[in-house]
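Dropping the structure in here first, questions after.
Where a number appears in this text, it was derived from the coordinates with a stated rule and is not lab data. Nothing here was measured: the structure is a model prediction, and the numbers come from that model. Methodologically, a virtual Cβ is constructed for each residue, glycine included, from the backbone with ideal geometry; neighbour enumeration extends over all protein chains shown.
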4 protein chains.
Amino acid sequence: MTDADKQKLAEACAEAMFARDRASQKLGMNIVSVAPGKAVLTMTVTGDMVQGHGSCHGGYLFTLADSAFAFSCNSYDKATVASGCSIDYMYGAKEGDVLTAVAQEQSRGKRTGIYDITLTNQDGRTVALFRGRSYQVSGTVIYSGEES
Amino acid sequence: MTDADKQKLAEACAEAMFARDRASQKLGMNIVSVAPGKAVLTMTVTGDMVQGHGSCHGGYLFTLADSAFAFSCNSYDKATVASGCSIDYMYGAKEGDVLTAVAQEQSRGKRTGIYDITLTNQDGRTVALFRGRSYQVSGTVIYSGEES
Amino acid sequence: MTDADKQKLAEACAEAMFARDRASQKLGMNIVSVAPGKAVLTMTVTGDMVQGHGSCHGGYLFTLADSAFAFSCNSYDKATVASGCSIDYMYGAKEGDVLTAVAQEQSRGKRTGIYDITLTNQDGRTVALFRGRSYQVSGTVIYSGEES
Amino acid sequence: MTDADKQKLAEACAEAMFARDRASQKLGMNIVSVAPGKAVLTMTVTGDMVQGHGSCHGGYLFTLADSAFAFSCNSYDKATVASGCSIDYMYGAKEGDVLTAVAQEQSRGKRTGIYDITLTNQDGRTVALFRGRSYQVSGTVIYSGEES
């Protein structure tokens, strides 16, 4: 497959997956770009995302990073799920902040992979670092009938 | 402080915090019980939480566990935030599932602590295991004005 | 298989594995007990384990916990390796300390599992908490010829 | 401080710390280079590092990465310890392999930091990825009397 074909495949996977992904849609996520093993997503922190200390709930920071992880590890049209993830928080986010998640593949073996996601705010400040562990299951991404 | 006082304090912290926690409220979370260093929360998986492979987005599993973590580590009326968390997935969740998160303190030092959260579904099956690292900041939980 | 047979198998696995495990032997580790999904090991911190701040190198705390993890997840005579681990430090260890690692299975699926290991010192103080992710490969533990 | 002064300080910290670090010395670790927030170390896998499945014990992979982490986060002459770490394994190491750990600072706040360490073998293959969380304590690195 040429690099151009791989890029087209990554974009087709993201389009098909996002169309079914009510969670990411509902949260107002926007896919800025995808490429093989890569994805960039943005999301604006809304009032519904604020927790009991007045900041964006860590769960929503995680969710944005996790979606970027999902789009990057599913860019080869092989259905792939998360086996586990970790997140470290650097800087709080508040209502109105526009967050960007950049996902980059670090390693990809036969079935498992490691993806690093950096979350920054509109001032370029690092909000959180996320590492995801992926696991390839049976089925494809574009035609999702066979997914497990 | 007597055990009964500690228990009252934990309940007052949870009440005050939940009242300000739009994120957890909006997701339909329910606090089943709190105690010093402990919290039990439930949440039903809705259609808005489903991702591109047809299961509950890992971000929402994380968010429920993270809220249980927050209520358990903020049960002493010392404002406490997460420095980082990890989650491992065991079993998928789907629309309609009722998830329970049980948070239990494993360790608590002067400023930092470790909390383990187990996520199960309505059949008692373990959905995910979560470990949170807490960091005590200045301020209290019940009167939140001074929190950082 | 009866519970007594499972226990015998766990003990046979540990014996066979420890005989080949030069690393754990060389560090003076001692297997206190094993059972299906469980293992208890001890190790004394020696002068060769001290790092540049005068405490036991975190690598040796990790290594003891990791060995306890290995003995617990290999107790079914299915060759099983670590896919990843995390450790959180609570309290420093120094030369002469006698450390105990207690490994307990939290979850075990078809191929993957989660194991929690608690590391304490001779005063019962928690030194570190470790969580290991296991992955079952082909081959057995007792007869190791086919292991990958 | 000029960049040249910062570089000199990083080298002085590494030298002072390594002189006291019996653990890293004893394992035959070699400091290839240090810089502010960076460190490169090598270690050869010996027969004493082999575990019950015939590969290098994960504890020794961790220990090399952990030392690289320590030298990188202590390069500012502020005594800094690990609060926690995670490691993901990609490829096994065996007796005779020469491993290189490259540590790179990802984030550094007032007291805490995040460092990523990549472990490769002599063929350039990635063996493991390590992420360390640092915590600055009181005291300096070069004159270690006041360290906690």
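Give just the number: which of (1) loosely packed, with under 15 Cβ neighbours inside 10 Å; (2) more than 14 Å from chain B (Cβ to nearest Cβ) does A:Leu9 not satisfy?
(1)
For the condition in contact with a His (Cβ under 8 Å, 6 or more places away or on another chain), of a type outside the set (Lys, Arg) and in contact (Cβ under 8 Å) with a residue 60 or more places away in the chain, what is the one hit in D:Asp66, D:Asp77?
D:Asp66
Under 6 Å by Cβ, and 6 or more places apart or on different chains, what pairs join a residue from the stretch B:18-31 that is closer than 18 Å to B:Val45 by Cβ and within 8 Å of chain A (Cβ to nearest Cβ) with one that is assigned to a helix (DSSP H, G or I) and not β-branched (Val, Ile, Thr)?
Sorted first by the residue in the stretch B:18-31, then by its partner, the pairs are B:Ala23/A:Met49; B:Ser24/B:Ser67; B:Lys26/A:Asp48.
Still on this structure, please answer the following. Assess whether A:Thr112 counts as being within 30 Å of C:Tyr135 (Cβ to Cβ), of a type in the set (S, T, N, Q) and touching a Cys at 6+ places or on another chain (Cβ under 6 Å).
The answer is no for A:Thr112.
Something else about it: Scan (1) outside any strand (DSSP E or B); (2) under 28 Å from C:Lys110 (Cβ atoms) for the single condition B:Ser72 breaks and write down its number.
If we test B:Ser72 against (1) outside any strand (DSSP E or B); (2) under 28 Å from C:Lys110 (Cβ atoms), just (2) comes out false.
What are the residues in the stretch A:118-148 that are within 12 Å of chain D (Cβ to nearest Cβ) and either touching a Leu at 6+ places or on another chain (Cβ under 9 Å) or part of a strand (DSSP E or B) (or both), if any?
Result: A:Thr118, A:Leu119, A:Thr120, A:Thr126, A:Val127, A:Ala128, A:Leu129, A:Phe130, A:Arg131, A:Gly132, A:Arg133, A:Ser134.
I'd like to know if the stretch D:81-104 contains one or more residues that are touching a residue at least 24 places away in the same chain (Cβ under 8 Å), more than 25 Å from A:Ile114 (Cα to Cα), under 14 Å from the mean Cα position of the chain (by Cα) and in a loop (DSSP other than H, G, I, E, B).
No, the stretch D:81-104 contains no residue that is touching a residue at least 24 places away in the same chain (Cβ under 8 Å), more than 25 Å from A:Ile114 (Cα to Cα), under 14 Å from the mean Cα position of the chain (by Cα) and in a loop (DSSP other than H, G, I, E, B).
Given the criterion more than 24 Å from C:Phe130 (Cβ to Cβ) and either crowded, with 18+ Cβ neighbours inside 10 Å or among the charged types (D, E, K, R) (or both), identify the matching residue among D:Val127, D:Val102, D:Val98, D:Val81. Show your work before the answer.
Values: D:Val127 fails: more than 24 Å from C:Phe130 (Cβ to Cβ); D:Val98 fails: either crowded, with 18+ Cβ neighbours inside 10 Å or among the charged types (D, E, K, R) (or both); D:Val81 fails: more than 24 Å from C:Phe130 (Cβ to Cβ).
Matching residue, one of D:Val127, D:Val102, D:Val98, D:Val81: D:Val102.
Something else now. Could you list, in sequence order, all residues of the stretch A:34-57 that are touching a residue at least 40 places away in the same chain (Cβ under 8 Å) and in a helix (DSSP H, G or I)?
A:Gly47, A:Met49
On to the next question. Since D:Ala68 meets every condition but one in (1) crowded, with 24+ Cβ neighbours inside 10 Å; (2) within 26 Å of B:Cys85 (Cα to Cα); (3) of a type outside the set (Val, Ile, Thr); (4) within 10 Å of chain C (Cβ to nearest Cβ), which condition does it not meet?
For D:Ala68, the failing item is (4).
Continuing with the same structure: In this structure, is C:Leu61 closer than 21 Å to B:Ile114 by Cβ, buried (at least 24 other Cβ atoms within 10 Å of the Cβ) and either away from chain D (no Cβ under 12 Å) or of a type in the set (A, V, I, L, M, F, W, C) (or both)?
Against the criterion (closer than 21 Å to B:Ile114 by Cβ, buried (at least 24 other Cβ atoms within 10 Å of the Cβ) and either away from chain D (no Cβ under 12 Å) or of a type in the set (A, V, I, L, M, F, W, C) (or both)), C:Leu61 qualifies.
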